[in-house]
Amino acid sequence: MVATPRVGAPVGRGAGPRRRRSWAGWRFVGPFLAVFALVFLAPIAYSIHLSLFRTRLVGGTAFVGADNYLAALGDPRFWSAFGNVAVFLVVQVPIMLFLSLLVALAIDSGRLYGTSFFRISVFLPYAVPAVVATLMWGFMYGTRFGLVGDLNETLGVSLPDPLSSGLILASIGNIVTWEFVGYNMLILYSALRVVNPSLYEAAEIDGASQLRIVYAIKLPALRGALLIATIFSIIGSFQLFNEPSILRTLAPNVITTYLTPNLYAYSLSFDGQQFNYSASVAIVMGVITMIVAYVVQLRGMRNGDRA
């Protein structure tokens with residue numbers, strides 16, 4: 001009795017051609033990986049390398065290990081800058097996301113006249129470069145040359161100076177909110193567009209009001225989009241740089257070199273020539289940002305699973 005070989009069983013070397021591994025997928029992914037390694041991984045690796053050294057007046061550059069990181073963690077200027085962006089985050093991000101949510105709900109309601117024009121108008125500030133937007137608002141804030149100054153002169157009043165030390169974070173927050181309300185609105189509106197319309201029809205048949213539909217259907221559908229918008233906003237708040245850097249020319253006595261961590265790292269590097277310490281500050285801030293963003297993401301996912 002002759003045994004019949006199983007279908008798909010391995011055969012000898014001479015029985016047929018061996019199957020070759022396909023590299024087609026790597027050909028598509030390869031260019032992206034190369035660019036990613038060049039513009040993202042390599043700068044991070046170089047920054048970590050810089051942070052492990054220190055340049056002395058006598059003796060040149062020497063390896064110091066974690067000394068720069070310990071100095072950054074004990075630097076009062078760094079923690080002052082971190083406190084500023086933390087306050088900025090706690091106040092500005094909820095206001096911006098709330099406004100974005102209201103606009104997205106208004107557009108999705110179908111009861112807004114000129115929906116397309118309104119949507120484009122709200123999103124348009126995001127297309128304005130940050131430099132242009134900051135300069136525009138900065139000149140409007142001016143008490144001697146801008147809109148505030150003209151109102152004071154015309155109306156004979158004395159409006160608060162938006163570029164004063166007590167209002168500078170609020171003024172920057174206003175600029176950032178104006179820039180990114182449309183961006184976050186688009187994220188939320190896109191999430192609303194994928195909701196099944198039959199849910200709205202069923203709710204209206206059951207006699208649900210528009211507020212009830214928003215609370216019971218739309219807001220639960222926005223949990224994922226709100227989480228994404230929140231994480232992006234947190235990262236953007238910790239990376240705050242363009243607005244205070246540009247406004248510093250208009251309010252040099254108010255905006256210090258350590259108003260935000262990124263501004264502090266920039267000043268250390270380009271004004272103080274402390275490249276090694278600047279790299280350490282940047283890496284510490286990057287790690288803090290990743291931790292905060294991860295905690296928010298983890299908490300949001302857990303709340304979503306419970307719901």
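The values are calculated or read from the model by the stated rules, or taken from the named source; none is laboratory data. Nothing here was measured: the structure is a model prediction, and the numbers come from that model. Quick reminder, even Gly has a Cβ in these numbers, built from the backbone with ideal geometry, and neighbours come from all protein chains shown.
With respect to R193, is the statement that it is among the basic types (K, R) and either without any contact (Cβ under 8 Å) to a residue 24 or more places away in the chain or crowded, with 19+ Cβ neighbours inside 10 Å (or both) true? So R193 does not fit the description; no.
Condition check for S237 on (1) assigned to a helix (DSSP H, G or I); (2) at positive phi: one failure, at (2).
Among all positions in region 72-95, there is no residue which is in a helix (DSSP H, G or I), over 30 Å from G286 (Cβ atoms) and modelled with pLDDT of 90 or more. The residue that is modelled with the lowest pLDDT, among those in region 128-147 that are among the hydrophobic types (A, V, I, L, M, F, W, C) and over 23 Å from F88 (Cα atoms), is F145. The criterion of being surrounded by fewer than 18 Cβ atoms within 10 Å (Cβ to Cβ), more than 29 Å from S245 (Cβ to Cβ), hydroxyl-bearing (S, T, Y) and under 30 Å from the mean Cα position of the chain (by Cα) holds for S116. Within region 119-135, can you find the residues that are more than 23 Å from P197 (Cα to Cα) and either touching a Phe, Trp or Tyr at 6+ places or on another chain (Cβ under 9 Å) or surrounded by 13 or more Cβ atoms within 10 Å (Cβ to Cβ) (or both)? Scanning region 119-135 gives V122, F123, P125, Y126, V128, A130, A133, T134, L135. Within region 208-224, is even one residue in the same structural domain as L105 (by TED's automatic domain parsing), closer than 26 Å to Q297 by Cα, assigned to a loop (DSSP other than H, G, I, E, B) and touching a residue at least 40 places away in the same chain (Cβ under 8 Å)? Looking for residues that are in the same structural domain as L105 (by TED's automatic domain parsing), closer than 26 Å to Q297 by Cα, assigned to a loop (DSSP other than H, G, I, E, B) and touching a residue at least 40 places away in the same chain (Cβ under 8 Å), one finds at least one in region 208-224, hence yes.
Condition check ((1) closer than 28 Å to R302 by Cβ; (2) at pLDDT 90 or above) across all residues:
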| residue | (1), (2) |
| --- | --- |
| N174 | no, yes |
| L192 | yes, yes |
| E204 | no, no |
| G236 | yes, yes |
| D271 | no, no |
| Q274 | no, no |
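Residues that are among the polar types (S, T, N, Q) and either within 27 Å of Y126 (Cβ to Cβ) or outside any loop (DSSP other than H, G, I, E, B) (or both) within region 177-207 comprise T177, N184, S190, S198, listed in sequence order. Put simply, of G173, G156 the only residue that is at positive phi and not polar (S, T, N, Q) is G156. For V103, indicate whether it is under 25 Å from L227 (Cβ atoms), in contact with a Leu (Cβ under 9 Å, 6 or more places away or on another chain), at pLDDT 90 or above and surrounded by 13 or more Cβ atoms within 10 Å (Cβ to Cβ). So V103 fits the description; yes.
Within region 156-175, residues that are closer than 9 Å to Y141 by Cβ have Cβ atoms under 9 Å from residues that are buried (at least 21 other Cβ atoms within 10 Å of the Cβ) and of a type in the set (K, R) in no pair, counting only partners at least 6 apart in sequence or on another chain. When I175 is tested against the conditions (1) more than 16 Å from L99 (Cα to Cα); (2) touching a Phe, Trp or Tyr at 6+ places or on another chain (Cβ under 6 Å), the lone failure is (1). Set side by side, the residues S100, S47 differ, and just one is within 23 Å of the chain's Cα centre (by Cα), touching a residue at least 60 places away in the same chain (Cβ under 8 Å) and over 28 Å from P220 (Cβ atoms), which is S47. Taken as a whole, the structure places S209 among residues that are of a type in the set (G, A, S), farther than 28 Å from T55 by Cα, at pLDDT below 95 and loosely packed, with under 15 Cβ neighbours inside 10 Å. Checking each residue in region 245-287 for being within 21 Å of M96 (Cβ to Cβ) and surrounded by fewer than 22 Cβ atoms within 10 Å (Cβ to Cβ) picks out S245, I246, N262.
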